[in-house]
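One structure below.
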Number of protein chains: 2
Amino acid sequence: MKKENTSQGVKEIARRANVSTATVDRVLHNRTGVSEKTKKRINEIIKELDYQPNLLASRLASKKIISIAIVIPSVSEETDFWEAPLRGVKRAEAEIKQYGVSTQVFFFDLNDKDSFSGKIAEVLRGDFQGVLISPSYIEETTKFAAECELRKIPFVFLDSNIPELHSLSYIGPHLFKSGYVGAKLLTYRLERDKKILIINISKEIDNFNYQKIEEGFRSYFQDRGQSGEIVRIDIRETDYQSVARHLTYVFHLNKDIGAAFVTNSRVHTVASFLKNSHRTHVSLIGFDFISENVAYLENNVIDFLICHRPEDQGYRGIMALYQTLVVNAQVSKLSYMPIDIVTKENYEFYHN
Amino acid sequence: MKKENTSQGVKEIARRANVSTATVDRVLHNRTGVSEKTKKRINEIIKELDYQPNLLASRLASKKIISIAIVIPSVSEETDFWEAPLRGVKRAEAEIKQYGVSTQVFFFDLNDKDSFSGKIAEVLRGDFQGVLISPSYIEETTKFAAECELRKIPFVFLDSNIPELHSLSYIGPHLFKSGYVGAKLLTYRLERDKKILIINISKEIDNFNYQKIEEGFRSYFQDRGQSGEIVRIDIRETDYQSVARHLTYVFHLNKDIGAAFVTNSRVHTVASFLKNSHRTHVSLIGFDFISENVAYLENNVIDFLICHRPEDQGYRGIMALYQTLVVNAQVSKLSYMPIDIVTKENYEFYHN
DNA sequence: TACCTTTACGGGCACGTGCCCGTAAATTGC
DNA sequence: GCAATTTACGGGCACGTGCCCGTAAAGGTA
């Protein structure tokens, strides 16, 4: 089978407008050097034909390379969570490399604000046409966003959002609803008079993500007028010893805790504690498909993991920038990921 | 930033081998007209350079159009399930249309074997280079697969599988495990002495999919030595009246049914019955994110829906054929979809 | 009027690959 | 040994777009 042989694209427009393809090209890229009236004539024909440029030919002919910077936490000993978004980024890159898109990844230390500042400064020194960033520190990100806006560099937020800033798009979970789902699962078979424990393990004090999750979690009970007692604890050190010490204390004060909800991926530390202290009858829920968590899922210590397709997040983040920078198409400002429920029974097919 | 200026691709190979690009081209497409020794020389250089053809240029220069046939059930009054795979197909098509790929969809009536035969005959009369098919009828599909193999037309199975046939790939759920997950969810808070009801509503007698699901469901109980009584019922008519009649009878015989598991997307019919007969205390689980089901999820009549990302299935199906026919890359023979758990709390973010 | 600058366009090559057509060289037939 | 055929290869255009360069025409200045 053969393609249609009608002359297509710029040539056809040029023919109808009685000009050369170069002139049409000038109009398409709104460069100077075209009189108003021919410009108008050409634009009308473009509209009439509903002209869509041939990306193949365009990218083939163009020598421009589009560079995208990715700013994400490095994979630490504590968590390999960011492996997944990175995979997604690489997958997207492989797909669109042929269109002249290249990426460069900047890893920062999640526990070190200065490393974050350093990396975004480095990005600004480089010559990037788009940025995909995990906005871990609000203040620094705000400055960075202002500079990007000045330079007209589109940026996409990954995994957590700062709605006030004018990002091209946010790609990540709806945190409030994630907490809500956690509450539903955690209490699905909880006995009436048992207490619920919310555990927040994090070095960062000002992290607003956990607040949103906790709000969602609590609102589930408000919505149904249930008012079982909810205990909460903040733990500022992430090592096992510290966590165990705090938890021992809490469980000592509250003998009748039936379920525990961890607001992030450090649920495996809690799982470890529950196992060591023979408290595996306590229902346990947390976030993210990381290897330590999956191990405790397998062991029946963790009941459910809530996940947000981190690989897909990375992929979609790059693709959103690609749509804007190369295809010149619109992308939606908010792209909430599904709230996936992972259990011992279905985790082997989960696409993280 | 500019692209590297080193001469690339076929030209570079030709230069090194002291031949013209035309000769290299002949080797690349193993056409005739090249002596053995030059062929060998060129092949060595190709290997040495790890030559990857530029898809952009290739597809731009080629006038060939690749046609893919899609054979799926039509959206019926009973279910709009197949809307989702169709969306995925369209999404894939939009992405790769520029590479000269076109698709044609053939809808058959899921309750009419002859319409299935008719459509596959039509596909074979057409000039297609690849087929994406939902193999609803085994015997007819077997014949079709044999003919495709003869003509060297790759075909991909969607949503259900016939492992004996040499499909390029199967894209769909792991049915056994899906049933297993259903059992876990259904009994997560089931009281000890309550009975479980398995409901199979389908006109097709020989459908092996449901058997696999039921096996998985039952094996969950075997794995944990639980032997609560399991009742099962087959209903061969899909209309509400028939289903209600059968269910009335079953519930009359078994007063203590605490949970019901429907092996396919017709769970909404059962939900309707449970609601009308004031039996919403019975836990209910079924399959697929179709609008009727979601409505009962919202109503708390259905507890969970198990889903397998039908849109993604359609997308991946087309992409598997694209990888084979255009990119000439390998695709994995089995591509199990995640077993997603959809509840009232998270359905609004589900990407079906 | 003569000269210079600016504007408004056209010509044409390049991107990397596919493929048609032409032809020198090698092979075959008698 | 000569013509006919086959083999093995090169030249070069086409795909649709980007963009450099050249130039006629229009406008400006003395």
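Out of (1) under 27 Å from A:Leu158 (Cα atoms); (2) touching a residue at least 60 places away in the same chain (Cβ under 8 Å); (3) within 16 Å of DNA strand D (Cβ to nearest atom), what's the single condition that is false for A:Ile65?
Of the numbered conditions (1) under 27 Å from A:Leu158 (Cα atoms); (2) touching a residue at least 60 places away in the same chain (Cβ under 8 Å); (3) within 16 Å of DNA strand D (Cβ to nearest atom), the odd one out for A:Ile65 is (2).
For (1) more than 14 Å from chain A (Cβ to nearest Cβ); (2) closer than 29 Å to B:Glu311 by Cα; (3) in contact (Cβ under 8 Å) with a residue 60 or more places away in the chain, each residue gets a yes or a no:
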{"residue": "B:Leu175", "(1), (2), (3)": "no, yes, no"}
{"residue": "B:Glu191", "(1), (2), (3)": "no, no, yes"}
{"residue": "B:Leu197", "(1), (2), (3)": "yes, no, yes"}
{"residue": "B:Lys203", "(1), (2), (3)": "yes, yes, yes"}
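Buried (at least 16 other Cβ atoms within 10 Å of the Cβ) and closer than 14 Å to A:Val267 by Cα - does that describe any residue in the range A:214-229?
No - not one qualifying residue is present in the range A:214-229.
Based on this model, can you work out whether A:Asp288 counts as facing another protein chain (nearest Cβ under 10 Å) and of a type in the set (Asp, Glu)?
no
Going by what's in this entry, would B:Gly130 be described as touching a residue at least 12 places away in the same chain (Cβ under 8 Å), within 14 Å of another protein chain (Cβ to nearest Cβ) and touching a Pro at 6+ places or on another chain (Cβ under 7 Å)?
yes
Considering only the range B:212-230, state which residues are under 11 Å from B:Phe261 (Cβ atoms) and either free of Cβ contacts under 8 Å to residues at least 12 places away in the same chain or β-branched (Val, Ile, Thr) (or both).
B:Ile213, B:Ile230
Would you mind telling me which numbered condition in (1) in a loop (DSSP other than H, G, I, E, B); (2) free of Cβ contacts under 8 Å to residues at least 60 places away in the same chain; (3) closer than 28 Å to A:Ala146 by Cβ A:Asn209 fails?
(1)
Matching residues to (1) within 26 Å of B:Asp312 (Cα to Cα); (2) open to solvent by 40 Å² or more (accessible area, probe 1.4 Å); (3) away from chain A (no Cβ under 14 Å):
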| site | (1), (2), (3) |
| --- | --- |
| B:Asn43 | no, yes, yes |
| B:Ile46 | no, no, yes |
| B:Ala61 | no, yes, no |
| B:Ser74 | yes, yes, yes |
| B:Pro85 | yes, no, yes |
| B:Val105 | yes, no, yes |
| B:Gly126 | no, no, no |
| B:Glu139 | no, yes, yes |
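What number of residues within the range A:329-352 satisfy the criterion of being facing chain B (nearest Cβ under 10 Å) and part of a loop (DSSP other than H, G, I, E, B)?
Total meeting the criteria: 10.
When the residues of the range A:63-72 are filtered to those that are among the β-branched types (Val, Ile, Thr) and more than 13 Å from DNA strand C (Cβ to nearest atom), which remaining residue is nearest to the other protein chains (Cβ to nearest Cβ)?
Among those that are among the β-branched types (Val, Ile, Thr) and more than 13 Å from DNA strand C (Cβ to nearest atom), it is A:Ile66.
Report yes if some residue within the range B:108-123 is within 14 Å of chain A (Cβ to nearest Cβ) and either under 24 Å from the mean Cα position of the chain (by Cα) or within 16 Å of DNA strand C (Cβ to nearest atom) (or both); otherwise report no.
Scanning the range B:108-123 turns up no residue that is within 14 Å of chain A (Cβ to nearest Cβ) and either under 24 Å from the mean Cα position of the chain (by Cα) or within 16 Å of DNA strand C (Cβ to nearest atom) (or both).
Okay, residues lined up against (1) among the polar types (S, T, N, Q); (2) modelled with pLDDT of 90 or more; (3) assigned by TED's automatic domain parsing to the domain that holds B:Phe287; (4) in contact with a strand residue (DSSP E or B) (Cβ under 7 Å, 6 or more places away or on another chain):
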| residue | (1), (2), (3), (4) |
| --- | --- |
| B:Ser76 | yes, no, no, no |
| B:Gly88 | no, yes, no, no |
| B:Glu95 | no, no, no, no |
| B:Gly100 | no, no, no, yes |
| B:Asp112 | no, no, no, no |
| B:Ser117 | yes, yes, no, no |
| B:Arg125 | no, yes, no, no |
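Restricting to the range A:314-328, and then to whatever is under 14 Å from the mean Cα position of the chain (by Cα) and more than 12 Å from chain B (Cβ to nearest Cβ), can you tell me which residue is surrounded by the fewest Cβ atoms within 10 Å (Cβ to Cβ)?
A:Tyr315
Kindly state which helices (runs of 4 or more DSSP H) lie completely within the range B:1-103 and contain at least 1 residues that are more than 21 Å from the chain's Cα centre (by Cα).
Result: B:10-17, B:21-28, B:36-49, B:55-61.
Based on this model, can you work out whether B:Ala57 counts as within 12 Å of DNA strand C (Cβ to nearest atom), surrounded by 11 or more Cβ atoms within 10 Å (Cβ to Cβ) and more than 14 Å from chain A (Cβ to nearest Cβ)?
Spelling it out, it is not the case that B:Ala57 is within 12 Å of DNA strand C (Cβ to nearest atom), surrounded by 11 or more Cβ atoms within 10 Å (Cβ to Cβ) and more than 14 Å from chain A (Cβ to nearest Cβ).
Tell me, yes or no, whether the range B:304-314 has at least one residue that is free of Cβ contacts under 8 Å to residues at least 40 places away in the same chain and of a type outside the set (S, T, N, Q).
No: the range B:304-314 contains no residue that is free of Cβ contacts under 8 Å to residues at least 40 places away in the same chain and of a type outside the set (S, T, N, Q).
Of the residues B:Ser58, B:Ser102, which is more than 20 Å from B:Ile171 (Cα to Cα) and more than 11 Å from DNA strand D (Cβ to nearest atom)?
B:Ser102
Mind checking which residues of the range B:230-252 are part of a helix (DSSP H, G or I) and either open to solvent by 60 Å² or more (accessible area, probe 1.4 Å) or at pLDDT below 95 (or both)?
Correct list: B:Tyr240, B:Gln241, B:Arg245, B:Thr248, B:Tyr249, B:His252.
Show the residue pairs meeting these rules: Cβ distance below 8 Å; 6+ apart or different chains; first residue within the range A:17-37 and closer than 25 Å to A:Leu325 by Cα and open to solvent by 70 Å² or more (accessible area, probe 1.4 Å); second residue part of a loop (DSSP other than H, G, I, E, B) and within 10 Å of DNA strand D (Cβ to nearest atom).
A:Arg26/A:Gly33
Determine, yes or no, whether B:Ala22 is touching a helix residue (DSSP H, G or I) at 6+ places or on another chain (Cβ under 7 Å), within 10 Å of DNA strand D (Cβ to nearest atom) and modelled with pLDDT of 90 or more.
no
Can you report the number of residues in the range B:240-257 which are over 19 Å from B:Leu305 (Cβ atoms) and in contact (Cβ under 8 Å) with a residue 24 or more places away in the chain?
So the answer is 9.
Do the conditions hold for A:Val27, that is, is it over 23 Å from A:Asp127 (Cα atoms), within 16 Å of DNA strand D (Cβ to nearest atom) and more than 14 Å from every other protein chain (Cβ to nearest Cβ)?
Yes: the conditions hold for A:Val27.
Does the range A:38-50 contain any residue that is touching a Lys or Arg at 6+ places or on another chain (Cβ under 6 Å) and away from DNA strand C (no atom under 14 Å from the Cβ)?
no
Which number in (1) in a loop (DSSP other than H, G, I, E, B); (2) surrounded by 15 or more Cβ atoms within 10 Å (Cβ to Cβ) marks the one condition that A:Ile196 misses?
(1)
The values are calculated or read from the model by the stated rules, or taken from the named source; none is laboratory data. These figures come from a predicted structure and were not determined experimentally. Here Cβ is always computed from backbone atoms with ideal geometry, including for glycine, and neighbour counts include all displayed protein chains. What goes into the accessible areas is simple: the full protein's heavy atoms, side chains included, and nothing from ligands, DNA or RNA. Shrake-Rupley method; radii C 1.70, N 1.55, O 1.52, S 1.80 Å.
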